[in-house]
Amino acid sequence: FLPHLETVMSVVLVSKDSPEEQHRFANERGWRFRLASHERGPYLAEQSVMVDGSNMPGVVVYQRCEEKILRRNSAMFGPNDQFCSMWSLLSLAGHGTEDWTPQYSYWQRPEIMDDGGDNLN
């Protein structure tokens, strides 16, 4: 959906990680976001989605108004948020937020099974 968003707004993924770590992580996942690092500077405390300024995944939306850039809105990312369809699909299947945790990588079926695949249906 990134190309759709970029027709009407700029999208930048900001994190505490170094630019090198961001690029490695994004490339492993096929992400095409523009990236920026706040390097644990004041941005996190000033623009966090958390009231206490702690680090939490989320979105912050800014709007340019003449010569000023204003913070328009923000929201956290996490279980049951409105941004990830995974939570809605799990709910339809009767699974709650305690039943699944996103991982950095998932088990994949080997191309060649040890037993030749004789026991697969």
### Task
Return yes or no: is residue 24 surrounded by 11 or more Cβ atoms within 10 Å (Cβ to Cβ), in contact (Cβ under 8 Å) with a residue 24 or more places away in the chain and not aliphatic (A, V, I, L, M)?
no
### Task
Of the conditions (1) within 22 Å of residue 49 (Cβ to Cβ); (2) under 16 Å from the mean Cα position of the chain (by Cα), residue 72 clears all except one; give me its number.
(2)
### Residue tally, condition polar (S, T, N, Q) and either in contact with a helix residue (DSSP H, G or I) (Cβ under 7 Å, 6 or more places away or on another chain) or at pLDDT below 85 (or both), over region 49-80
3
### Message
So if I check each of 75, 45, which one is outside any loop (DSSP other than H, G, I, E, B), without any contact (Cβ under 8 Å) to a residue 40 or more places away in the chain, of a type in the set (A, V, I, L, M, F, W, C) and within 30 Å of residue 96 (Cβ to Cβ)?
### Response
75
### Query
Can you find even one residue in region 18-34 that is over 17 Å from residue 76 (Cβ atoms), out of contact with any Ser or Thr (no Cβ under 6 Å at 6 or more places or on another chain), among the aliphatic types (A, V, I, L, M) and assigned to a helix (DSSP H, G or I)?
yes
### Query
If you check residue 93 against the conditions, is it over 18 Å from residue 15 (Cα atoms), modelled with pLDDT of 85 or more and either touching a Gly at 6+ places or on another chain (Cβ under 9 Å) or aliphatic (A, V, I, L, M) (or both)?
yes
### Message
Here is a check on your reading of the model: is residue 56 surrounded by 11 or more Cβ atoms within 10 Å (Cβ to Cβ), without any contact (Cβ under 8 Å) to a residue 12 or more places away in the chain, part of a loop (DSSP other than H, G, I, E, B) and at negative phi?
### Response
no
### Query
Limited to region 1-21, what total is found for residues that are exposed (fewer than 11 other Cβ atoms within 10 Å of the Cβ), over 20 Å from residue 104 (Cα atoms) and not aliphatic (A, V, I, L, M)?
5
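The values are calculated or read from the model by the stated rules, or taken from the named source; none is laboratory data. Note that the structure is a prediction, hence the values are computed from the model and not measured. Note: ideal-geometry Cβ built from the backbone for every residue, glycine included; neighbour counts use all protein chains shown.
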